[in-house]
Every structure is written in structure tokens, then in C-alpha cells.
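**Q** Next up is a structure, given as C-alpha cells.
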Amino acid sequence: MSEVELVLLDQNENCTVYTIQFLSDDLNEFEKFISKIRADATLDNDYRAIARFIDQILDFGALERYFRPEGKMKDSVVALPTIKSRLRLYCLRLSDKILILGNGGEKKTRT
């Protein structure tokens, strides 16, 4: 089993945003996502849309309407963005005030 730690990315009175860092890895999960996306210039607009969603979440909280449900309802896994996009960023939405950003990538299957 890998050891992990929670890494604070940003916070204000509306929301605290974390990511996960596997101690055996050099990059945290959100940094891994960004490095994959930056390597493909065709995904730049999709990445900017996700960045705008993250800014809105920091401004207004991790409200359910910003996310696409993924997995089982009880596991709190959600994805950004809710709009049509080639990218998915997987997250754990624990409440309106706590969000954990994970990793993601280009969506290859049809919804």
C-alpha cells in the first residue's frame, strides 16, 4: 500500500482545495494532470475551461452543479467539467467547502 498525504492547493472562506501526493512520486496528482495536458496543445481550450471551473469553485464553493457525477453516489467521486469537453479531471467532493483534486486525462469514450 502506498503512503499518501493531502496537499493544500488553495483556500479561502468559500472553499479549501487539496490534492493527493503519493510519497513515492515526485508530482502530486493534480500536477500529473497538468503536465499531461500541457504536452498536448490541442487540449489547451479544454484545460482553460477546467481552470475557470476551479476559479469559480474557489469563489463560490464546491457546489454540486459544477460537477459531473462519476462512480457510485456514496464514493463522492465527481469530474470537471460538466460542459462538453475532451478532458476530465476527477475529484472528491467532500462538501461545498472541501474539494480534493485528483488526476484525469483525455476522455476517449462516448458518454
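The values are calculated or read from the model by the stated rules, or taken from the named source; none is laboratory data. Just so we're clear, the structure is a prediction, and the values are computed from it rather than from any experiment. Methodologically, a virtual Cβ is constructed for each residue, glycine included, from the backbone with ideal geometry; neighbour enumeration extends over all protein chains shown. Protein only, heavy atoms only, side chains kept; ligands, DNA and RNA dropped before computing areas. Shrake-Rupley method; radii C 1.70, N 1.55, O 1.52, S 1.80 Å.
**Q** Taking amide H atoms as placed 1.01 Å from N in the peptide plane, list the residues 5 or more away in sequence, or in a different chain, whose amide H sits under 5 Å from that of residue 82.
**A** none
**Q** Can you compute the helix-only [θ] at 222 nm over the chain? Use -39500 (n - 2.57) per DSSP H run of at least 4 residues, normalise by all residues, nearest 500 deg cm²/dmol.
**A** Value at 222 nm, helices only: -8000 deg cm²/dmol.
**Q** Explain nothing, just the number: dipole magnitude of the chain about its Cα centre with +1 on each Lys and Arg Cβ and -1 on each Asp and Glu Cβ, in debye rounded to the nearest 20.
**A** 740 debye
**Q** Sticking with this structure for a sec: Among the listed pairs 72/107; 84/108; 72/108, give every one whose C-alpha distance is greater than 23 Å.
**A** none
**Q** Over all directions, how big on average is the projection of the convex hull of the alpha-carbon atoms in the chain, in square nanometres?
**A** 7.4 nm²
**Q** Could you work out what % of the accessible surface of the chain is carbon and sulfur, using a 1.4 angstrom probe and leaving DNA, RNA and ligands out of the count?
**A** That share works out to 52 percent.
**Q** Send over a whole-number figure in Å² for the accessible area per residue of the stretch 13-111, probe 1.4 Å.
**A** That works out to 60 Å² for each residue.
**Q** Under 17 Å from a label point 7 Å along Cα→Cβ of residue 68: give me every residue in the stretch 74-89 with its amide N that close.
**A** What the label zone holds, given the 17 Å backbone N cut-off, is 76-89.
**Q** Sequence-distant or interchain residues sharing an amide H contact under 5 Å with residue 97, placed H: which?
**A** 62
**Q** While we're on this one: Along the stretch 94-101, what does the Karplus equation 6.51 cos²θ - 1.76 cosθ + 1.60 (θ = phi - 60°) give for ³J(HN,Hα), rounded to whole Hz, x for Gly and Pro?
**A** Couplings: 8, 6, 5, 10, 9, 9, 10, 7 Hz.
**Q** Let me ask another. Give me the distance in nm between label points sitting 7 Å out from Cα along the Cα-to-Cβ direction at residue 6 and residue 59, one decimal.
**A** Reported label-point gap for residue 6 and residue 59 is 2.6 nm.
**Q** With a point put 7 Å past each Cα toward its Cβ, work out how far residue 107 is from residue 51 in nm, to one decimal.
**A** Those two pseudo-labels are separated by 2.1 nm.
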